[in-house]
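Data first, discussion second: the structure below is written as structure tokens.
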Amino acid sequence: MHPTMHYGSSSPVTPPGYATTTAPMESITYVFEPRQGESAMVLRPAARIWQDVRHPYYISVNLNCFTPSSHITLIRKHGQQGELVGDFEIAAKDSKNASTVFFRGIEHPVDEVLVNSSRLFRNQWTWKHTESHLVLYWDDSLGGNTIACFKSKDRTNANLLAKFVPRSHMRRPGREVEFTKLEMTPGGHEVFEDVLISALIIERLRTNA
């Protein structure tokens, strides 16, 4: 059974600006911290000062019971039993099933809401969620596997919403553990969950064998 069908979501469909807390007036760096003994991680603020203000997101991976080679990523607020934000499943390349994303109470084929285009030495992705009419523009022009999200095709610092920064070095004795990071600007916080789910889908597609 698909996890979304099992747990469901009682949340109303809400447009961007859905956050119930006031958006921060400064940029915040979040880290994806793996949970020991679980196929899951928590997205939390890196700095302690924000940890009591910004609630964490619990991100887990489950098998599709009908297709055990396929995995479903779920995003929840607060914790393992928290409110479901959304989920997505990326089908195998030779599968007859479509890759899907469930967000704001509606499921879509991934290729209807996330469009990939490649240019010379650059990959670009456009996130278009039909219910909210929000458009996010992602690309990897920064290098180092980092992808940046903008609110406009004009990719300037003024339009920057977020950066997704994978860890850059291996674990070594005596070296502090590095986590993948999500650097969110004040503008990015206004559309936090769109940024988060689109970043996770893009990273899944980029690393899909």
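The values are calculated or read from the model by the stated rules, or taken from the named source; none is laboratory data. Given the structure is predicted, the values throughout are model-derived calculations rather than measurements. Because the Cβ atoms are built from the backbone with ideal geometry, glycine has one as well, and the counts that use them run over all protein chains shown.
In table form, for the structure just shown:
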| read-out | value |
| --- | --- |
| Selected residue [without any contact (Cβ under 8 Å) to a residue 24 or more places away in the chain, buried (at least 17 other Cβ atoms within 10 Å of the Cβ) and of a type outside the set (A, V, I, L, M, F, W, C)] from SER60, SER39 | SER60 |
| Meets criteria (in contact (Cβ under 8 Å) with a residue 60 or more places away in the chain and either touching a helix residue (DSSP H, G or I) at 6+ places or on another chain (Cβ under 7 Å) or surrounded by fewer than 17 Cβ atoms within 10 Å (Cβ to Cβ) (or both)) for ASN208 | yes |
| Any hit, region 179-187, residues being part of a helix (DSSP H, G or I) and either more than 13 Å from the chain's Cα centre (by Cα) or surrounded by fewer than 18 Cβ atoms within 10 Å (Cβ to Cβ) (or both) | yes |
| Qualifying positions in region 68-83 - surrounded by 14 or more Cβ atoms within 10 Å (Cβ to Cβ) and not charged (D, E, K, R) | SER70, HIS71, ILE72, THR73, LEU74, ILE75, GLY82 |
| Residue count for region 62-110, restricted to those that are part of a strand (DSSP E or B), within 17 Å of SER39 (Cβ to Cβ) and of a type in the set (S, T, N, Q) | 6 |
| Matching residues in region 24-61 - criterion: being in a loop (DSSP other than H, G, I, E, B), over 17 Å from HIS189 (Cα atoms) and hydroxyl-bearing (Ser, Thr, Tyr) | SER39 |
| Tabulated pairs, region 96-114, first under 22 Å from PHE66 (Cα atoms), second acidic (Asp, Glu), C-beta under 6 angstrom, 6+ apart or interchain | THR100/GLU89; THR100/GLU107; PHE102/ASP87 |
| In region 117-145, the residues that are part of a strand (DSSP E or B) and more than 21 Å from PHE102 (Cα to Cα) | SER117, SER118, ARG119, ARG122, ASN123, GLN124, ASP139 |
| Given (1) out of contact with any Pro (no Cβ under 8 Å at 6 or more places or on another chain); (2) surrounded by 13 or more Cβ atoms within 10 Å (Cβ to Cβ), number of the condition LEU134 does not satisfy | (1) |
| Near pairs, Cβ below 9 angstrom, 6+ apart or cross-chain, from region 141-167 (without any contact (Cβ under 8 Å) to a residue 40 or more places away in the chain and surrounded by fewer than 18 Cβ atoms within 10 Å (Cβ to Cβ)) to any residue that is of a type in the set (Phe, Trp, Tyr) and assigned to a loop (DSSP other than H, G, I, E, B) | SER141/PHE121; ARG167/PHE179 |
| Check on ALA148, under 20 Å from GLY187 (Cα atoms) and not in a strand (DSSP E or B) | no |
| Of all residues making up region 25-55, the number that are of a type outside the set (Phe, Trp, Tyr), under 19 Å from the mean Cα position of the chain (by Cα) and within 20 Å of CYS149 (Cβ to Cβ) | 10 |
| Residue match in region 122-129 (condition: within 16 Å of the chain's Cα centre (by Cα) and under 14 Å from PHE192 (Cα atoms)) | yes |
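The rows are residues; the columns are (1) modelled with pLDDT under 70; (2) farther than 15 Å from GLU193 by Cα; (3) of a type in the set (Lys, Arg).
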residue	(1), (2), (3)
HIS6	yes, yes, no
ALA23	no, no, no
GLY37	no, yes, no
ALA40	no, yes, no
